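K.L.:
Quick one: the structure is below, and I'll ask about it shortly.
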Amino acid sequence: MCGLIISPSFMELLSLQYHKQIIPPHRLTDYKLFRISKMEEFTYEQIRVKALKQGVKDNKVHIGLWANLNNYLKTRRKKNGKVITYYIALQKLAY
């Protein structure tokens, strides 16, 4: 036992999420999970266009905050020696 105390209401919530097949938060960073479920991915440029349409300032900080507040998960992957930022729409995970 690790000494971690979890309240019964929290355990109920976790079991409800499991039964509804909602992905637990610790699995959100598992890229293989997204590849299997074919999640909708957007590049930074695509997210930037969406944010600018809603009147967000054109800088990385404001665009990143907009993406976070609008339920996009930021991931980074390396392709051909370059690190590319992708955003995954979390709205699809609840369904």
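Residue-wise test of (1) of a type in the set (Ser, Thr, Tyr); (2) touching a Phe, Trp or Tyr at 6+ places or on another chain (Cβ under 6 Å); (3) exposed (fewer than 10 other Cβ atoms within 10 Å of the Cβ); (4) modelled with pLDDT under 55.
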| site | (1), (2), (3), (4) |
| --- | --- |
| 18 | yes, no, no, yes |
| 24 | no, no, yes, yes |
| 30 | no, no, no, yes |
| 47 | no, yes, no, no |
| 61 | no, no, yes, no |
| 64 | no, no, no, no |
| 70 | no, no, no, no |
| 82 | no, no, yes, no |
| 85 | yes, yes, no, no |
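K.L.:
Give me the pairs, please: first residue somewhere in region 52-68 and in contact (Cβ under 8 Å) with a residue 12 or more places away in the chain and closer than 13 Å to residue 85 by Cα, second residue anywhere and surrounded by 13 or more Cβ atoms within 10 Å (Cβ to Cβ) and of a type in the set (Lys, Arg), beta-carbon distance under 7 Å, and either six or more positions apart or on two chains.
P.N.:
Once the first residue is in contact (Cβ under 8 Å) with a residue 12 or more places away in the chain and closer than 13 Å to residue 85 by Cα and sits in region 52-68, its partners that are surrounded by 13 or more Cβ atoms within 10 Å (Cβ to Cβ) and of a type in the set (Lys, Arg) give 63/48; 67/74.
K.L.:
Identify all residues within region 75-95 that are under 15 Å from the mean Cα position of the chain (by Cα) and either aliphatic (A, V, I, L, M) or closer than 13 Å to residue 46 by Cα (or both); write none if there are none.
P.N.:
Hits for region 75-95 are 85, 86, 87, 88, 89, 90, 93, 94.
The values are calculated or read from the model by the stated rules, or taken from the named source; none is laboratory data. Quantities reported herein were computed from a predicted structural model and do not represent experimental measurements. Cβ sites come from the backbone with ideal geometry, for glycine too, and all protein chains shown count toward neighbours.
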